[in-house]
Every structure is written in C-alpha cells, then in structure tokens.
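Here the structure comes first, spelled out in structure tokens, and everything after it is commentary.
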Amino acid sequence: MKNKAFFPLYVDLEGKLAVIVGGGRVATRRAAALSKFTRNIRVVAPKITPQLEEMVKTGAVAWVNRKCMRTDLSDAYMVLAATNDRRVNDDIYRICKKEGIYVNVASDKEKCDFYFPGIVKYKEMVIGINASGLDHSKARRVREAIEKVLIEEDL
C-alpha cells in the first residue's frame, strides 16, 4: 500500500471512552497524551507500568487488571491496541472494524483508522504533529522544536 496522508481532525473526547489494550511503554505514552483531553480512559492489561499505576491512583485512567475481552471494546469510541502480541492486536483490529470503532494498532500502521500524533499543548494551543507513520523520530524533533518556540516566544 502506498503511503497516504491522514486528515488532521481535532475531536472532543468528552463523554467518549478511549480503550487502551496493553500496559507497556507505548500504552503509557498514549494514556499520558489522552489524559490531557479526557478522564474517560480505560486500560486493559494484566500488568502495567509504574507510570500507569500512578495514573490509576490519581484517577486519570481506569485499569481493568486482566487480558482483554471483546466486551471491553463494545462501548469504546476509540481503541488503541498496544500489546506485544500480534495475534491479540489483530483480533482487536478485526473486532473494532466489525463494530465500527476507530482503531489504532500501534505496531502496524496498515491497521490504523487514525495515527496518534505527537502533541504540543501550550496554553490554548493544541498542535498535532504526524509523519504519516514513516519517521517517528522526525515527528518528535518537530514537536520539540515547536514546543521550544512557543515557550521561548511565550506565544
């Protein structure tokens, strides 16, 4: 499949459930970014990082301490599959596509209805940076440069 550009869309997540399946590094980054925009985040994983544990303690996310079941996805607006098991991620993708739920499989850009952008949130500004799934380090450098300008110029 040739590379395609995704349209940047800003979504109001209030009242919409974001489900993250997996409790590792990628899931932690996704939860931290989403928590700036909603408290309606459910992490489903038998084990989570210490950072996610802290987010659970502060109420930023809810944790379902077990492997994912189909019912965990049924009321989701969006699902982020971030496990280290390709079969599980593929199953989540198939379920979400069948149910009409937006899905992002972190390990497979071909199985994404949306890409998760690098996010700059400064004062009233919200800026998403995306490299079409091709160069994550370049997107990170651009995000860092934008943050630096906004802070230095106090824009």
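The values are calculated or read from the model by the stated rules, or taken from the named source; none is laboratory data. Since we're looking at a predicted model, the values are computed, not measured. Note that we place each Cβ from the backbone using ideal geometry, even for glycine, and neighbour counts take in every protein chain shown. Surface accessibility is based on the protein's heavy atoms, side chains included, excluding ligands, DNA and RNA. Shrake-Rupley method; radii C 1.70, N 1.55, O 1.52, S 1.80 Å.
The table that follows gives values for the structure above.
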read-out	value
Residue ID - most open to solvent (accessible area, probe 1.4 Å), chosen from residues in segment 98-119 that are modelled with pLDDT under 85 and in contact with a Leu (Cβ under 9 Å, 6 or more places away or on another chain)	LYS109
Residue check for ASN84: within 16 Å of the chain's Cα centre (by Cα), touching a residue at least 12 places away in the same chain (Cβ under 8 Å) and surrounded by fewer than 16 Cβ atoms within 10 Å (Cβ to Cβ)	yes
Hits in segment 9-29 - residues which are open to solvent by less than 90 Å² (accessible area, probe 1.4 Å) and either farther than 17 Å from CYS68 by Cα or part of a loop (DSSP other than H, G, I, E, B) (or both)	VAL11, LEU13, GLY15, LYS16, LEU17, GLY22, GLY23, GLY24
Positions within segment 114-135 being outside any strand (DSSP E or B) and more than 16 Å from SER35 (Cβ to Cβ), in sequence order	PHE114, TYR115, LYS123, GLU124, ASN130, ALA131, SER132, GLY133, LEU134, ASP135
Extreme residue, most open to solvent (accessible area, probe 1.4 Å), among residues of segment 33-77 that are assigned to a loop (DSSP other than H, G, I, E, B), under 22 Å from LYS97 (Cα atoms) and not polar (S, T, N, Q)	LYS67
Residue within segment 136-143 that is touching a helix residue (DSSP H, G or I) at 6+ places or on another chain (Cβ under 7 Å) and either part of a strand (DSSP E or B) or crowded, with 16+ Cβ neighbours inside 10 Å (or both) present	no
Subset of segment 78-94 (residues that are in contact with a helix residue (DSSP H, G or I) (Cβ under 6 Å, 6 or more places away or on another chain), in a loop (DSSP other than H, G, I, E, B) and not hydroxyl-bearing (Ser, Thr, Tyr))	ALA82
